[in-house]
Every structure is written in C-alpha cells, then in structure tokens.
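This report refers to the structure that appears directly beneath it.
No value in this document is a laboratory result; all are computed from the given coordinates. All figures in this text were calculated on a predicted structure; none of them were measured in a lab. Using ideal geometry, Cβ is built from the backbone for each residue, glycine included, and neighbour counts are taken over all protein chains shown.
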C-alpha cells in the first residue's frame, strides 16, 4: 500500500471555531413565546364535533318550532257546532265538533261531524257552547298546526275566534 497521501483522520486537525451569531430582539421574543406556549393537538376535532352538535341542536329546535308552534295555515270554516266537551286527564282542554256547510249539502255524509277542533281558552269555549245551543251557523277562525301539543288540545286545528255568520243566517237543519 502506498502511504503517500495525507491522512486526515490520524493527525490533529485544526479545530474550527463555532460562529456565534447574535440573536436579535425580535428573534429572542419569538423564541421565548414559542418556549412558553404549550402546543395542543386535537383541537380541530373538538371544534368540529361541537359545531356538528350545535348545528344538529339548531336544526332540531327549528324543526320543533315549525312542526308544533308555527301555524302553517290560518283559515275559516263555516257551519254548525254540534258538540263542545272538556277532555283530558292532566291537561283539560276543550274539544269541539262541527258540521261544515259543505257536509250539509251532501245528503249521505250529513250526519257526521267533519271538522274537529280544539279551543284554547275558557271564554271561547263558553261562546262555542252558547252557539251550539242556539243552533246558529258560525264562522270559526282557526290555526292549523302540523302536530299537536298536549296542553293545546287533541286536534291540529286550534280555534282563535268564533263569530256568528251574518252573511246568511239559516237555522240548523239537524237541531
């Protein structure tokens, strides 16, 4: 073997002096902030989960409001009130039945009450009982909901106003 080469590993190599770089004030501040803060992982999963749960709760609240508390139809019905009763075990509500004007003209279905409704207040229930005893034709203004709530009654139709029909006053043919 030829030993005519310089061996860099055998001898004392000149040591290089480490270059010390001065840290600026901004770099020092950033380093201290980085050392002082705790890096947390998994926050995005928690935030996403909370947002999904909040969106589901918001949708459920909107759906319940639409289904049970927001009337989707406000209408009127003309006819004769046949029956008003106070029903319920825990929540006493007034329930009524009425023969509509259209059913009177139909001779086959005339003996059936075609319109069932709930009455939310005692004063409206007294008026309904009075109009059922008089046998006069009335106009019911009601809100129709998509679902029923126990304290409001058994029917999706909730009466808001009862007035006598002044356009055409016919006696009830079934009284």
*Any idea how far apart residue 130 and residue 36 come out in nm if each label point goes 7 Å out from Cα toward Cβ?*
7.8 nm
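Only counting other Cβ atoms within 10 Å, I'd like 19, 159 sorted with the fewest neighbours first.
Details: 19 5, 159 25.
Ascending Cβ contact count within 10 Å gives the list 19, 159.
How much length is gained on full extension from residue 123 to residue 76, taking 0.36 nm per residue of separation minus their Cα-Cα distance? Provide the component values of the computation, followed by the final result.
Details: separation 47, 0.36 × 47 = 16.92 nm, distance 1.89 nm.
Taking residue 123 through residue 76 to full extension adds about 15.0 nm, to one decimal.
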_Gain upon complete extension [residue 166, residue 62; 0.36 nm per residue less C-alpha separation]_ = 33.4 nm
*Over the Cα atoms of segment 73-164, what is the Rg over Rh ratio if Rh follows Kirkwood?*
0.95
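Starting from the Cα-Cα distance between residue 45 and residue 90, subtract it from 0.36 nm times their residue separation and give me the gain in nm to one decimal. It would help to have the intermediate numbers written out before the result.
Numbers: separation 45, 0.36 × 45 = 16.20 nm, distance 4.54 nm.
Here the segment from residue 45 to residue 90 would lengthen by 11.7 nm.
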